[in-house]
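Accompanying notes for the structure given below.
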Amino acid sequence: MSLPPGFLEEVRARVPLSRVVGRRVTWDMRRSNQAKGDFWAPCPFHQERTASFHVDDRKGFYYCFGCQAKGDAVSFLRETEGMEFHEAVEALAREAGLPVPSRDPGAAARAARRTTLAEVVEEAVRLFRLRLAAGEGGPARDYLDRRGMAPALRERFELGYAPDSGRALVEAMAGRGIAVDLLVEAGLARRPDDGRSPYDYFRGRLVFPIRDGRGRAVGFGARALRPGQEPKYLNSPDTPLFQKGQTLYGLAPARAAAARGAPVILAEGYMDVIALAGAGFEGAVAPLGTAVTAEQLALAWALSPEPVVALDGDAAGLRAALRLVDLALPLIGPGQGLRFALLPGGMDPDDLIRSGGAEAFRPVLEAAEPMVALLWRRETEGQAFDSPERRAALDRRLAALLRAIGDPDLRRHYAAALHERRDALFRPARAAAARGRPPRGGANPFAGPGQPPLPPAPATRRSYLAAAPEGAGARLRECLILATLALHPELVPRFAAELEALVPEEPDHRLLHGALLGIAAGQGPLPPAAAAALARLAGRADLRIAPTVRSPGDPEHAAACLREEFARLAAERAHAAELAHATADLAGLADEGVTWRLSEAARAIDRARRAPLPPLAPEDADPAAIAARFAALLGGGALAKK
């Protein structure tokens, strides 16, 4: 497969190797440094427990220090997926949003033409810089002086001046033997429709050279200098070299800075990038005068998993931030998101740095908020939720936003974060109580001064949680989820994704799970077998005391409880999986004696847990007697049966 020069480099720039490899391995986050694109994991090509497989996102290569496997994203797909070379390239190009170049003899000729155009644009950079330093560049220099830009920064970013003349660049290029057709194709000149001679595209403007990720000059941005000159900012037209929605200003130096650990900052314009870089924030980039595109987000994520968006603090800046949230929501994933630094009202990064230096901007950067905070603010700020209708409308909007998130794990975490904020808004007292809840495992709150904690009653010891095998807590949570959804079938479609992710082990749970999925698919009420399973579950005392089962009349309260239970169940199962991996690692590292002693200890604990309990005394089995004991413990009749 013949590819044009630079195509694979462009694919690698848009699709980090860690994203491709991460679908096959589990990163060792203790050794990995995400910000620097440095990742370690157990090798996917041979069996091992240690993380000897290294991925360097900046260079786009992997290497295993155990089996010496090495390569790039293409070779990784060929080795792990069995793809041919062209299949691997096409898969990566699809992920990068790039069309695969057609396999035709003209590809090499087009690549050579782009190289020629890049040389023409590079020559224009030199000419514009000379004009800025010459006498005719006075208006541009005056503007830069007013903006407080030091000469060193002007040189560093290669700023130039396009004279306010119709053919200054065309004539200068002709003197260097460059044909006018190349100028037109490179976006430096325009040919009139009436047949007159071509004229300069940029006139009377301060020009900012735009370079791609490999450092090639591909186009220009230009700012008006005359009063009333429109548009204020003008970009090169789209050319074989340049598409303004597919590159970022400052991309090449930001890539080098990000490799050194600098934060990546997505600013609004050219002057912001230059001001930030001059203040030491060298990972700054900006779109080219338009709203951020999905391609530009992909470029920013290739630099850093969590770029900081620094937008103007005025209403327009906030609107731009919210548009970006809507664009990013379907594209985010685990380890790939955005943070937002909203500047003081009416200021942009350039204004803030000129007024207070780097020290004025650093606190704004450090206070950047996660995207979920901006999302919540957009949906709630300046609104009243004093009626069920308004609250229901908010719930519907939030549910629609959550559906836009593709990754199910991330969707659950967003749902939990939004639920926490919703609880703080609608139930502030309950949220405050949750935040101030004493730690679990402390002293018994019912014990008086100097009294030891009460031992558990035999009835408590016989409960499902005490007597059941390991993992009973997760099964009880699963049982509560299924029973609550069965009592509130109208909530099943809302939690369909989370329900599908459940894999019940107990027969009654499987029956009820399948029936609820049928409801989600529109198949009607519970079948008799599932209804019988629900009746058996409802007979359990530990389930009957659950709020959603005891008082099933509040669907919104049930929905809130379900969100929390799903999140807790996912966390418990992730913890159990992690513990199993850790146990396996320990078994591989410890000697046989240690392993035998640990296994014997585990068996002893299991035997003690399963030992038969003495028969219940009549008073222990009497619910009224239990309630009376609690009432006496509290010193009153608060818990006495009414």
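The values are calculated or read from the model by the stated rules, or taken from the named source; none is laboratory data. All values derive from a computational prediction rather than experimental measurement. Cβ coordinates were reconstructed from backbone atoms using ideal geometry, including for glycine residues, and neighbour counts include every protein chain displayed.
Quick notes on this one:
- Answer from Pro231, Pro209 - the residue that is over 14 Å from Glu158 (Cα atoms) and more than 30 Å from the chain's Cα centre (by Cα): Pro231
- Residues that are farther than 28 Å from Asp181 by Cβ and touching a residue at least 40 places away in the same chain (Cβ under 8 Å), drawn from the range 224-249: Leu225, Arg226, Leu248
- Lone qualifier among Gly261, Gly289, Gly280, Gly346 - being touching a residue at least 40 places away in the same chain (Cβ under 8 Å), out of contact with any helix residue (DSSP H, G or I) (no Cβ under 6 Å at 6 or more places or on another chain) and at positive phi: Gly289
- Per-region count, the range 4-42, residues modelled with pLDDT under 85 and among the aromatic types (Phe, Trp, Tyr): 1
- Residues in the range 32-79 that are within 20 Å of Ser304 (Cβ to Cβ) and among the charged types (D, E, K, R): Lys36, Asp38, Asp56, Asp57, Arg58, Lys59.
- Evaluation of Glu48 against (1) of a type outside the set (Lys, Arg); (2) at pLDDT 85 or above; (3) surrounded by 14 or more Cβ atoms within 10 Å (Cβ to Cβ); (4) not assigned by TED's automatic domain parsing to the domain that holds Gly221 (one fails), failing number: (2)
- Sole residue being closer than 21 Å to Glu572 by Cα, crowded, with 17+ Cβ neighbours inside 10 Å, out of contact with any strand residue (DSSP E or B) (no Cβ under 8 Å at 6 or more places or on another chain) and in the same structural domain as Ala538 (by TED's automatic domain parsing), chosen from Leu511, Leu482: Leu482
- For the range 265-286, a residue qualifies if it is surrounded by fewer than 24 Cβ atoms within 10 Å (Cβ to Cβ) and assigned to a loop (DSSP other than H, G, I, E, B), and the qualifying residues are Glu268, Gly269, Ala279, Gly280, Glu282.
- If you go through the range 38-53 and keep only what is more than 23 Å from the chain's Cα centre (by Cα) and not in a loop (DSSP other than H, G, I, E, B), you end up with just Phe53.
- Which listed residue is crowded, with 20+ Cβ neighbours inside 10 Å, in a strand (DSSP E or B), under 22 Å from the mean Cα position of the chain (by Cα) and not assigned by TED's automatic domain parsing to the domain that holds Asp212, from Ala321, Ala310: Ala310
- Checking each residue of the range 148-162 against the condition of being part of a helix (DSSP H, G or I) and in contact with a Ser or Thr (Cβ under 8 Å, 6 or more places away or on another chain) gives no match.
- Taken over the range 234-251, the criterion of being crowded, with 16+ Cβ neighbours inside 10 Å and not in a loop (DSSP other than H, G, I, E, B) is satisfied by Leu234, Asn235, Lys244, Gln246, Tyr249, Leu251.
- Leu352 over 24 Å from the mean Cα position of the chain (by Cα), assigned to a helix (DSSP H, G or I) and not acidic (Asp, Glu): yes
- Residues in the range 97-142 that are assigned to a helix (DSSP H, G or I) and at pLDDT below 85 were compared, and the one that is farthest from Phe220 (Cα to Cα) is Gly106.
- Filter result (under 21 Å from the mean Cα position of the chain (by Cα) and surrounded by fewer than 20 Cβ atoms within 10 Å (Cβ to Cβ)) within the range 252-261: Ala259, Gly261
- Test result for Gly289, touching a Phe, Trp or Tyr at 6+ places or on another chain (Cβ under 8 Å), surrounded by fewer than 23 Cβ atoms within 10 Å (Cβ to Cβ) and assigned to a loop (DSSP other than H, G, I, E, B): yes
- For Leu92: the one exception among (1) under 30 Å from Arg19 (Cβ atoms); (2) out of contact with any helix residue (DSSP H, G or I) (no Cβ under 6 Å at 6 or more places or on another chain); (3) touching a residue at least 24 places away in the same chain (Cβ under 8 Å); (4) not polar (S, T, N, Q): (2)
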